[in-house]
Amino acid sequence: MLAAFLLVFVNITAQFDAQFDQYWYDHTVENPAAVGERQMMQVSLLQRNQWVGIKHAPITTLLSLNAPFKTKKRTAAHGVGLQFKSDVLGIFANQYITAEYAYKFQLGKGVFSVGANVGAINVICYGDSVKLVESEYHTANDPAIPTGKKSGVGFDGGLGLWYSGEMWYVGLSATHLPKVKIHLGENTIFNISPLYMVSGGYNFKLRSPDYHIETSALVTTDLKTWDFHATALLSYREKYWGGLTGRRTGVGLVFGTNFFKGLTLGYTYELPLGARMMRFTSGSHEIYVGYEFNFMGGRGDQSYKSVRYL
């Protein structure tokens, strides 16, 4: 579809960010203010293969590292993080690296965080893979499409707010501030619109202490299009969980487990909504691998808790 836009417009505007079903394992995916949310070092890997069976469908990989730290002043805490994302779709390959920071302090019955990230985006366009046909609308050497492999780099930044309690959280964030412009060759400008995200979640206790229900929701918009994501999971002893996840374009099943102390594995299988789409794809697959460990030393709380808990 992006190739079709290139045939008409030299100036391209696109919603850049890929969406993950399992964003709630590592909230830094959606909000820089969530870095250091856990009092442990957290390493996360997300791999999403979308619309399997469709040629050139998106394949997204995200590697995230974040940790808390404190200065001599114990009245506040801090968090730092680093992310690398690779997103391949169609004739484009997008690479994104960012550093994150959050300042945290006690507010009422929760912890309030203010965060920011800075980084760079590299967009690669494989123009030689586009097959053009001569017609009354364009020529076979359309100047709007880069010839051969072209790439461009742009500065990126974002802001976030995060407020969390023992059983709940809310967040607000914005990425790609200001609007990112990347030049691909001499004739094409790739515009990446700011993306705004609102998220929240609550864990419900059940009568049996072995079970509880975890819910989360995420709304994203670039003020032109929007998406809504909701998840509900039933957890058993914080070791096994499963449930449903859904968005405007698909519904899926989620499964996860803690294999041993600190290691978490998760899997989502998502089917697209709409009979026409289901004729061309068997669905989307997403895998999460996470590990967390205490590197700060000291007494503190040394017990392990699921990475999904605040």
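The values are calculated or read from the model by the stated rules, or taken from the named source; none is laboratory data. What you see is a predicted model; the values in this text were computed from it and never measured. Virtual Cβ from ideal backbone geometry, glycine too; neighbours counted across all protein chains shown. These area figures cover heavy atoms from the full protein model, side chains too; ligands, DNA and RNA do not enter into them. Shrake-Rupley method; radii C 1.70, N 1.55, O 1.52, S 1.80 Å.
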Practice task
Just need the relative contact order of the range 217-279 here, percent rounded to a whole number, with Cα pairs under 8 Å and 6+ apart.
Solution key: 21 percent
Exercise for the section: Compute the signed sum of charges (Lys and Arg +1, Asp and Glu -1) over the other residues within less than 10 Å, Cβ to Cβ, of E286. Expected result: -1
Practice task
Can you send over the carbon and sulfur percentage of the accessible area for the range 195-300, probe radius 1.4 Å, protein chains only?
Solution key: 67 percent
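What number comes out for accessible area per residue over the range 134-287 if the probe is 1.4 Å? Units Å², please.
Solvent-accessible surface per residue comes out at 56 Å².
Considering only DSSP states other than H, G, I, E and B, which chymotrypsin sites (Phe, Trp or Tyr not before Pro) in the range 176-222 qualify as loop sites with at most 13 other Cβ atoms within 10 Å? Each step should come with its number before you reach the end.
Working: sites: F190, Y196, Y202, F204, Y211; in loops: none.
Filter output for the range 176-222: empty list.
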Problem - W168, W241, reordered so the largest accessible area comes first (probe 1.4 Å) - result: W168, W241
Practice task
Find the relative contact order for the range 165-211 and round it to a whole percent, using C-alpha pairs within less than 8 Å whose residues are 6+ positions apart.
Solution key: 44 percent
Handout entry: Label point distance in nm, H285-V43, each placed 7 Å from Cα along Cα→Cβ
Key = 2.4 nm
Fill in the blank from the handout: Ranked output for segments 32-43, 174-185 by mean other Cβ atoms within 10 Å, highest leading, reads 32-43, 174-185
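Within the set K85/K261; K72/K205; K181/K224, which residue pairs have Cα atoms separated by over 25 Å?
Listed pairs above 25 Å: K85/K261; K72/K205.
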